[in-house]
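Chemist: Have a look at this one before I ask anything.
The values are calculated or read from the model by the stated rules, or taken from the named source; none is laboratory data. Just so you know, these numbers come straight off a predicted model, no measurement behind them. Here Cβ is always computed from backbone atoms with ideal geometry, including for glycine, and neighbour counts include all displayed protein chains.
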Amino acid sequence: MRIRCPSCGERDNGEFSYLGDAAPLRPDGMEASAEAMHDYVYLRDNRAGEMRELWYHGAGCRAWLVVTRDTRTHAIREVQPARDVAKARATTPAGSASHA
Amino acid sequence: MAEHATLWRPRGAWADTARPGRHGRREGPPGLIVTPREGLALASVTAVDGAEARLAEAIEARFGLSLPEPGGAHLSGEAGLVWSGPDQWLALGGARGDLDGLGAALRGAAAVADQSDGRAVLRLTGPDARRVLEKGVAVDLHPRAFGPGRTAVTAIAHIGVQIWQRDDRPTYDLAVARSFAGSLWTWLEAAAAEFGCEVRASA
């Protein structure tokens with residue numbers, strides 16, 4: 001599998017490490033219920049199909065990326081810098097981007 | 001505080017490994033010529049969010065060079081800037097002290113950290129220089145995809161390296177974290193053996 005890093009171009013997946021689902025957003029720790037924190041820390045969907053994931057280009061430009069990948073085929077549809085995704089989320093109204 | 005005499009002496013990053021002379025294949029001209037680069041000035045430059053335009057101006061004023069785009073290296077002799085990550089560059093100076101004052105010059109526009117003793121640099125040239133590097137990296141170094149003024153941050157034998165090409169002889173500079181210099185040399189000596197490798201005195 002190869003990932004087309006927005007900065008570095010197409011690279012072998014050995015240069016990247018996988019974090020997981022990019023959708024969960026950390027609840028406000030002071031306000032969130034125990035259930036909300038439990039959900040954020042432990043509960044994940046095991047999706048067969050397209051999914052947005054966080055990958056780290058550790059052996060390259062050291063950027064975090066949001067990769068849209070089909071878990072059945074490894075086909076990658078989109079790769080975005082995670083920083084851009086976070087910035088876009090910060091400018092959208094609260095609650096509208098719960099699935100990043 | 002009392003002065004203590006020590007036996008500590010400055011030592012080149014490649015002093016124990018890159019022995020000058022001919023290595024590997026003995027017949028014919030060497031395919032790879034290696035020059036350890038000592039005494040350079042190196043600094044990492046990380047743009048302050050939102051101050052990119054001001055940083056570009058300050059770099060232009062100091063180096064007479066524009067900030068390279070991703071994958072680019074803007075060089076003028078031994079000085080220059082090499083892209084090394086989103087909003088990050090490696091600044092180069094040919095001699096220790098050449099980057100003195102860079103932090104102050106870029107104050108508010110970038111974070112600057114001295115890397116002169118943190119990275120070890122080799123210059124690789126010769127007719128087989130590209131073939132040697134290709135044995136280690138999963139990046140296309142062919143002229144159709146790479147060339148003078150291009151850089152790649154990647155790994156060789158699981159060791160993080162940064163490569164930038166200087167000219168199309170071809171000549172590459174290769175930087176590695178200093179503590180990995182010995183490990184990288186083990187790989188390089190083995191990879192270059194089939195082509196014959198001449199190590200020159202450090203410069």
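Chemist: What are the residues in the range B:91-107 that are part of a loop (DSSP other than H, G, I, E, B) and either hydroxyl-bearing (Ser, Thr, Tyr) or under 21 Å from B:Arg54 (Cα atoms) (or both), if any? If you could, list the steps in order and put the result at the bottom.
Modeler: Let us first name the residues in the range B:91-107 that are part of a loop (DSSP other than H, G, I, E, B), namely B:94-101, B:106-107.
Across the range B:91-107, the qualifying residues are B:Leu99, B:Asp100, B:Gly101, B:Leu106, B:Arg107.
Chemist: Would you confirm whether or not the range B:104-126 contains a residue that is surrounded by 20 or more Cβ atoms within 10 Å (Cβ to Cβ) and within 12 Å of another protein chain (Cβ to nearest Cβ)?
Modeler: Within the range B:104-126, not a single residue is surrounded by 20 or more Cβ atoms within 10 Å (Cβ to Cβ) and within 12 Å of another protein chain (Cβ to nearest Cβ).
Residue-wise test of (1) away from chain A (no Cβ under 14 Å); (2) hydrophobic (A, V, I, L, M, F, W, C); (3) loosely packed, with under 12 Cβ neighbours inside 10 Å; (4) farther than 30 Å from B:Cys197 by Cα.
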{"position": "B:His4", "(1), (2), (3), (4)": "yes, no, yes, yes"}
{"position": "B:Ile33", "(1), (2), (3), (4)": "yes, yes, no, no"}
{"position": "B:Glu38", "(1), (2), (3), (4)": "yes, no, no, no"}
{"position": "B:Thr46", "(1), (2), (3), (4)": "no, no, no, yes"}
{"position": "B:Gly50", "(1), (2), (3), (4)": "no, no, yes, yes"}
{"position": "B:Pro70", "(1), (2), (3), (4)": "no, no, no, yes"}
{"position": "B:Gly85", "(1), (2), (3), (4)": "no, no, no, yes"}
{"position": "B:Leu90", "(1), (2), (3), (4)": "no, yes, no, no"}
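Chemist: Name the residue that is surrounded by the fewest Cβ atoms within 10 Å (Cβ to Cβ), counting only residues in the range A:3-48 that are within 14 Å of chain B (Cβ to nearest Cβ) and without any contact (Cβ under 8 Å) to a residue 24 or more places away in the chain.
Modeler: A:Glu10
Chemist: Continuing with the same structure: With respect to B:Glu198, is the statement that it is among the charged types (D, E, K, R), assigned to a helix (DSSP H, G or I) and within 20 Å of B:Ala13 (Cβ to Cβ) true? Full working, then the answer.
Modeler: On the way: among the charged types (D, E, K, R): yes; assigned to a helix (DSSP H, G or I): no; within 20 Å of B:Ala13 (Cβ to Cβ): yes.
The answer is no for B:Glu198.
Chemist: B:Asp173 - would you say it is modelled with pLDDT of 95 or more, in contact with a Pro (Cβ under 9 Å, 6 or more places away or on another chain) and among the acidic types (Asp, Glu)?
Modeler: When the stated conditions are applied, B:Asp173 does not pass them.
Chemist: Would you point out which residue out of B:Ala157, B:Ala145 is in contact with a helix residue (DSSP H, G or I) (Cβ under 9 Å, 6 or more places away or on another chain), over 19 Å from B:Pro86 (Cβ atoms) and surrounded by fewer than 17 Cβ atoms within 10 Å (Cβ to Cβ)?
Modeler: Going through B:Ala157, B:Ala145 in turn, just one is in contact with a helix residue (DSSP H, G or I) (Cβ under 9 Å, 6 or more places away or on another chain), over 19 Å from B:Pro86 (Cβ atoms) and surrounded by fewer than 17 Cβ atoms within 10 Å (Cβ to Cβ): B:Ala157.
Chemist: Still on this model: Within the range B:131-175, track down each residue that is of a type in the set (Lys, Arg) and either out of contact with any strand residue (DSSP E or B) (no Cβ under 8 Å at 6 or more places or on another chain) or part of a loop (DSSP other than H, G, I, E, B) (or both).
Modeler: If the condition is that a residue be of a type in the set (Lys, Arg) and either out of contact with any strand residue (DSSP E or B) (no Cβ under 8 Å at 6 or more places or on another chain) or part of a loop (DSSP other than H, G, I, E, B) (or both), then B:Arg131, B:Lys135, B:Arg144, B:Arg169 are the ones that fit.
Chemist: Do you know which residues across the range A:49-83 are within 14 Å of chain B (Cβ to nearest Cβ) and either farther than 30 Å from B:Asp87 by Cβ or among the hydroxyl-bearing types (Ser, Thr, Tyr) (or both)?
Modeler: Hit for the range A:49-83 is A:Tyr56, nothing else.
Chemist: Which count do you get for residues in the range B:141-174 that are away from chain A (no Cβ under 14 Å) and under 10 Å from the mean Cα position of the chain (by Cα)?
Modeler: Summing the residues that are away from chain A (no Cβ under 14 Å) and under 10 Å from the mean Cα position of the chain (by Cα) in the range B:141-174 gives 4.
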